[in-house]
Amino acid sequence: MEGVIVGVESTAHTLSIGMVSESGELMPSESSVFTPEHGGIHPREAADHHSRVASDLVSSVISREGFSQSDVKAVSFSQGPGLGPCLRVGASLARTLSKSWEVPLIGVNHCVAHIEVGRNQTGCEDPVLLYASGGNTQVIARAGSRYRVLGETLDIGIGNMLDKFARTHEIPFPGGPVIESKASEWSNGGSSTSNLELPYAVHGMDLAFSGILTAAISLSEREGLGAASWSLQEHSFASCIEVSERALAHTGKSELLLGGGVACNGRLREMAQIMCEERGATAHWPEKQYCIDNGTMIAELGRREIEMGRVTKLEESAINPMLRTDSTPITWS
Ligand code: ATP
Ligand code: FE2
């Protein structure tokens, strides 16, 4: 039987353990999401949550798939970017597993893992990636041996903006899926729409979401949550799709890949599809379980890197909360 690579994801609210076979077959992760009772995520509280659930998640994912510890060939973990206390729990867990199972350790870039799991699942080869998550909103494309950031948010991530908007209506984290259903209910599945005015923040290839957030909060007080949710999605998603389209035009690439938690959104997917069809490109997205943070994507990037001979020595395994998408050399094809 083929061996597996175990991946540990712990950059923010989610601790997730996933696996991929040596030939690249993805296996669903076991995850636990920290949800604060009030307000946003406190990094220390999230880290405590991750420590509490870690060992149960590891044993359940391995046994669920019918493997044992001796089948594990390597342990991969998110080295950054993310919240320091949360990353540290994942890194310590991965070091411990690698030492006790006597297998190599590999620290990987969380943002690049979102791309690689999408390439694995959808079969697209050289995409422009719209990486839309809570903490990040970036438009990325490969140039030579790096994934280059062609455009990104200048303030908050789009998911974080949706979560903050939701929180003003007492909707707990993650707010994005609830905003999606409020928008869909209000518009009767997208059939009756009236796009109310909100700021539209595209700055060249970059984006900004704090202005639209403030405006959408006051719009919701005047027009109600459903109408404001619809218009907020229309404006903010259209700005991401506009930058993605320009990235396709500039790079000459013909595949758009969506990744990150906000890529679960049906309306964002629909907009991506329409834009791509209009310009003769194709739109792709992985299953929802591989859009949100998951250990499987960390295992998959670890697999690609180990295949190319990279491992992380213990003394190089420190976390890097500020790691950038373009700081990781791409050695795999
Ligand atoms: P990263 O570290 O990559 O920034 P993250 O920590 O934000 O990731 P993800 O799981 O990638 O974690 O994304 C979570 C975000 O996705 C949350 O902001 C959540 O509201 C948003 N989200 C999830 N589902 C939907 C949806 N259907 N529509 C809109 N947003 C969604
Ligand atoms: Fe993520």
Worksheet entry | Long-range neighbours under 7 Å by Cβ, at least six apart or interchain, first residue over 18 Å from N136 (Cβ atoms) within the range 246-269, second polar (S, T, N, Q) and within 16 Å of ligand 1 (Cβ to nearest atom) | R267/Q233
Worksheet item: Quick check: is even one residue across the range 276-289 in contact with a strand residue (DSSP E or B) (Cβ under 8 Å, 6 or more places away or on another chain), under 17 Å from A132 (Cα atoms), outside any helix (DSSP H, G or I) and away from ligand 2 (no atom under 16 Å from the Cβ)?
Response: yes
Worksheet item: Hey, among N120, N109, N160, which residue is under 26 Å from S317 (Cβ atoms) and within 12 Å of ligand 2 (Cβ to nearest atom)?
Response: N109
Discussion item. Can you say whether E180 is in a loop (DSSP other than H, G, I, E, B) and out of contact with any Ser or Thr (no Cβ under 7 Å at 6 or more places or on another chain), as far as the supplied structure shows?
Written reply: no
Worksheet item: Across the range 27-53, what is the total count of residues that are within 16 Å of ligand 2 (Cβ to nearest atom) and under 19 Å from R64 (Cα atoms)?
Response: 3
Practice prompt. Please find, among S194, S229, S210, the residue that is farther than 24 Å from S244 by Cα and touching a residue at least 12 places away in the same chain (Cβ under 8 Å).
Written response: S194
Practice prompt. Quickly run through the range 154-173 and pick out the residues that are outside any helix (DSSP H, G or I) and more than 15 Å from the chain's Cα centre (by Cα).
Written response: L154, D155, T168, H169, E170, I171, P172, F173
Worksheet item: Taking the range 3-33 only, how many residues are in contact with an Asp or Glu (Cβ under 7 Å, 6 or more places away or on another chain), assigned to a loop (DSSP other than H, G, I, E, B) and without any contact (Cβ under 8 Å) to a residue 60 or more places away in the chain?
Response: 1
Worksheet item: What's the number of the condition N265 fails, among (1) within 16 Å of ligand 2 (Cβ to nearest atom); (2) polar (S, T, N, Q); (3) out of contact with any helix residue (DSSP H, G or I) (no Cβ under 6 Å at 6 or more places or on another chain)?
Response: (3)
Item to complete: Quick one: in the range 108-146, of everything that is within 14 Å of ligand 1 (Cβ to nearest atom) and in a loop (DSSP other than H, G, I, E, B), which residue is farthest from S16 (Cα to Cα)?
Response: N136
Fill in: Pairs where the first residue, in the range 173-185, is over 13 Å from D163 (Cα atoms) and the second is within 9 Å of ligand 1 (Cβ to nearest atom) and assigned to a helix (DSSP H, G or I), C-beta under 9 Å, 6+ apart
K182/A166; A183/Q233; A183/R267; S184/G266; S184/R267
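Every number here is computed from the coordinates shown, using simple stated rules; none is lab data. The shown structure was predicted, so the numbers you read here are calculated from the model rather than taken from an experiment. Cβ atoms come from the backbone with ideal geometry, glycine included; neighbour counts cover every protein chain shown.
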